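Trainee: Following this message is one structure expressed as structure tokens.
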Amino acid sequence: MEPITPAAGLLLSLITMSVGIYFYYRPASETSAEKSSTFDKYTNSSTDRPKTPTRDSKANNNEETSEKEDPYPCGPMRVYFGSQTGTAEEFATTLVEEGQARGFDAKIVDLEDFQEEDFMEAPLNNALHMFAVATYGEGEPTDNALDFYKWLKKDVDELPETLKFCVFGLGNTQYEHFNAMGRNINKIMEKKGALRVADYGEGDDDGTMEEDFESWRDNLWPQLTKTFGGSGMSSDSSNALPKWKPSYSVRWMEATADQEKVLRMSTAARTKVIAEVVKGMSSNDPDRKIALSSQSYFVAKEARVVSNAELRKDGGTEDNGLDQDNNFGSTVQVEFDLSSCGLTYETADTLAICPENNPTVVESLCSWQDWNIDSYFLHQHASPVGQRAVRYKPLFPSPISVRDALLRYCDLTSIVRKTMLPKLAIYATSKDQQTKLLWLASTEGREAFNEEILIPGRTILEMMERFPSLKIPFVAFLEIIPRLMSRDYTISSSSVVNPNICSITCKVLRDPKENSTWETVSDSSPRMHNGICSNYLFREGSMSRVFVKKSTFKLPEDTSLPIVMIGPGTGIAPMRAFLQERKWQRETYGLDNVGETDLYFGCRRPDEDYIYEDELLSYTRDGTLTRLELGKFLFIFFYFFCTY
């Protein structure tokens, strides 16, 4: 090899130096390790979201933009929701979106995060305050509305006369105290001096909730125009696509052949997220506490299913599961080992179960939408600034796979809500199908929506089958689709008899659906509505995600008092728990120290649905049950008057 000349050496040195300078100063690329560190950054306590901006900082920002055209000429608007199952929260979100489109600076607020000064002090004491509130139990506020209702009812004597409000109540006519909370808040707000600027509205969850809400909104916006100006157009989109985009982002984890490593990393990061969320819930910090509708995802524990037994004499199998009325006849008792997850319960508490969708449904959805079912992602709000609005908080634990997110957190089997249709229309690539979706969402298309979607009970998968041009980005789908809520079951076992094992009694729901013009005469296979949780339990294997809710439904402390119990069908669940405990009391305290116990149990046909027959008869023989009355008449009577 010939020696390098001085000129060549100098040239080589310059090239080497240039390359070094380039790599030193070039922008950092997102390597695999750095992508993975995204999960650590999300869960690192040193990177907590900034606290809610103060009013002073907001005022300064307003001064800087005062010279620009005001995008919200109607002023601030706060929409509060009191929700137990998530419906009121969905309605509040709809009101926020429609308010923003009409010139209001609208924001959604969980009533659990309400601030007294927002009602009593400037600038919000001169703003519009909307309420979408559900009634829970015997005319009581939902869990997240307890503090607000106490403050409104007892702690404040007078509200500013400049405070403007309107209320929509959510209830069910099968309850005695129908819409008590909506009516009470509307009455108290007005009585204490606030100005109601729109008619009070209420919906009935026994069949007309969506239509009631839509009718109220049709009158709402024209009424508000008289006070605030802006656009008073009706609640539908007037055949125009909404200006909507997802508030959250999806960050994908880099694909790798080592799936076990991906699973370990995502599980570890998700565990940190759950711990931080639970910590925020416990501290009652509004900047860290998530919405009530998402809390079950973070507090649920995996409990082992130790038994799943059929209780009916004629049901429980696919081949022989129909009763004399040609309905699916299956009622199961499922037992859980709570000691495996550290949960405890008391007799007649409620066991909340977080169900999962049918895996086949999830696989079909991913196939139609071309989503990689095994990819892992991190779900975060797009805004880096923390605020009290619930949309800035986690919707569910992540990082997680597409498969598990759809299985656990997305309601894929409920009826498509009318408010979802304009957002779906955004992602219809066919102009005709887009127009059809907007028509179904409009006031003029109300009858068509009822006939084609509401009454037949159309799900999101059926909508995709009917509108095949729908190509929805995964990040948008996660926000368009409702959250999959936990289902509550009264525990049917006694904690003093079985402290570690609790049982629930559940009817497996499988009902035929009505068809519409979408079906043809040649469609022979019936369409079915399968209860999401009951069918999950029917097929579930070894583990389920559960948590315990405390109940006030208890036996009297004085064991000598006589009790009368009434329970039709699966309504016998808490009565069975009480009977177990009543027997234990007789054995522990003596027969003379326990009062008489009567049970009225209604069933349609004793030869089919007399569940717990042997157990109940044994209680009559040993004296635990003083009186046992059984009959079809009881079932019919209590179904209409006592079930709810």
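Trainee: What net charge is computed for the residues neighbouring THR344, neighbours being all others with C-beta under 15 Å from the C-beta of THR344, Lys and Arg scored +1, Asp and Glu -1?
Mentor: 0
Trainee: Excluding ASP157 itself, calculate the net charge of residues whose Cβ lies under 12 Å from the Cβ of ASP157, where each Lys or Arg counts +1 and each Asp or Glu counts -1. Walk me through the numbers before you get to the answer.
Mentor: Values: positive: LYS153, LYS154, LYS191, LYS192; negative: ASP155, GLU158.
Around ASP157, the surrounding residues sum to +2.
Trainee: Check GLU202: other-chain or 5+ apart residues with amide H under 5 Å from its amide H, H built from backbone geometry?
Mentor: Amide H neighbours of GLU202, under 5 Å, 5+ apart: GLY169.
Trainee: Here's another thing I want to ask about it. What's the magnitude of the charge dipole for the range 441-557 around its Cα centre, counting Lys and Arg as +1 and Asp and Glu as -1 at the beta-carbon? Answer in Debye, nearest 20.
Mentor: Rounded to the nearest 20 debye, it is 660 debye.
Trainee: How about the range 461-533: which GluC sites (Glu not before Pro) there lie in a loop by DSSP and see at most 16 other Cβ atoms within 10 Å?
Mentor: GLU514, GLU519
Trainee: Using heavy-atom solvent-accessible surface (probe 1.4 Å) with all chains present, what is the largest-first order of ARG264, ARG621?
Mentor: On the way: ARG264 145, ARG621 180 Å².
If we order ARG264, ARG621 from most to least accessible, we get ARG621, ARG264.
Trainee: For GLU447 and ALA309, compute 0.36 nm times the residue count separating them, minus their Cα-Cα distance, and round to one decimal in nm.
Mentor: Stretched out fully, the GLU447 to ALA309 stretch lengthens by 45.3 nm.
Trainee: Okay, moving on. Given a Förster distance of 22 Å, report the FRET efficiency between ARG466 and TRP244 from their Cβ-Cβ distance, rounded to the nearest 0.05.
Mentor: It comes to 0.55.
Trainee: Another question, then. Compute, for SER364, the solvent-accessible surface of its heavy atoms (probe 1.4 Å) with the complete set of protein chains present, and express it in square angstrom to the nearest 10.
Mentor: 40 Å²
Trainee: Quick one: length gained pulling ASN530 to LYS192 fully straight, 0.36 nm per residue minus the C-alpha distance?
Mentor: On the way: separation 338, 0.36 × 338 = 121.68 nm, distance 4.69 nm.
So the extension gain works out to 117.0 nm.
Trainee: While we're on this one: At 1.4 Å probe size, what's the solvent-accessible area of GLU161? Round to the nearest 10 Å².
Mentor: Spelled out: GLU161, probe radius 1.4 Å, area about 150 Å².
Trainee: What is the sum of charges around GLU190, taking Lys and Arg as +1, Asp and Glu as -1, for the other residues whose C-beta is under 14 Å from the C-beta of GLU190? Don't jump to the answer; show the numbers that get you there.
Mentor: On the way: positive: LYS153, LYS164, ARG183, LYS187, LYS191, LYS192, ARG196; negative: GLU158, GLU161, ASP199.
Charge balance near GLU190 sits at +4.
Trainee: Another question, if that's okay. Full extension from GLU557 to LYS431: what is 0.36 nm times the residue separation minus their Cα-Cα distance, to one decimal in nm? Write down the numbers at each step before the final one.
Mentor: Values: separation 126, 0.36 × 126 = 45.36 nm, distance 6.68 nm.
My answer for the length gained is 38.7 nm.
Trainee: Moving on. Provide the per residue accessible area, probe 1.4 Å, for the range 353-476, rounded to a whole number of square angstrom.
Mentor: With the other protein chains kept in place, the range 353-476 gives 36 Å² per residue.
Trainee: May I ask you to give the percent of accessible area on the range 346-446 that is carbon plus sulfur, with a probe radius of 1.4 Å?
Mentor: 47 percent
Trainee: Using a 1.4 Å probe on the protein heavy atoms, what percent of the accessible area of the range 127-180 belongs to carbon and sulfur?
Mentor: That share works out to 44 percent.
Trainee: ILE274: accessible area at probe 1.4 Å, nearest 10 Å²?
Mentor: 50 Å²
Trainee: Exceeding 19 Å between C-alpha atoms, which entries from my cross-link table qualify? They are LYS301/LYS549; LYS243/LYS431; LYS153/LYS187; LYS507/LYS554; LYS154/LYS187; LYS107/LYS154.
Mentor: Distance filter (> 19 Å) returns LYS507/LYS554; LYS107/LYS154.
Trainee: Could I ask something else about it? Say a paramagnetic label sat at a point 7 Å from the Cα of ARG605, along Cα to Cβ; which residues of the range 567-596 have their backbone N under 13 Å from it?
Mentor: No residue passes the distance filter.
Trainee: In whole Hz, with x marking every Gly and Pro, tabulate ³J(HN,Hα) for the range 75-90 from phi via Karplus 6.51 cos²θ - 1.76 cosθ + 1.60, θ = phi - 60°.
Mentor: Per residue, the Karplus-derived 3J(HN,Hα) values read x, x, 9, 10, 10, 9, 10, x, 9, 10, 10, x, 5, 4, 5, 5 Hz.
Trainee: Taking all protein chains together and a probe of 1.4 Å, list GLU608, GLU117, GLU140 from the most accessible to the least accessible.
Mentor: GLU140, GLU117, GLU608
Trainee: Roughly how many nanometres apart are two label points built 7 Å out from the Cα toward the Cβ at GLU140 and ASP337?
Mentor: Distance between the two pseudo-spin positions: 3.4 nm.
Trainee: How do GLU176, GLU346 stack up against each other in accessible area, from largest to smallest, with a 1.4 angstrom probe?
Mentor: GLU176, GLU346
The values are calculated or read from the model by the stated rules, or taken from the named source; none is laboratory data. Keep in mind that this is a model prediction, so the values were computed, not measured. Virtual Cβ from ideal backbone geometry, glycine too; neighbours counted across all protein chains shown. Each accessible area value is taken on the protein alone, full model and side chains, heavy atoms only, with ligands, DNA and RNA left out. Shrake-Rupley method; radii C 1.70, N 1.55, O 1.52, S 1.80 Å.
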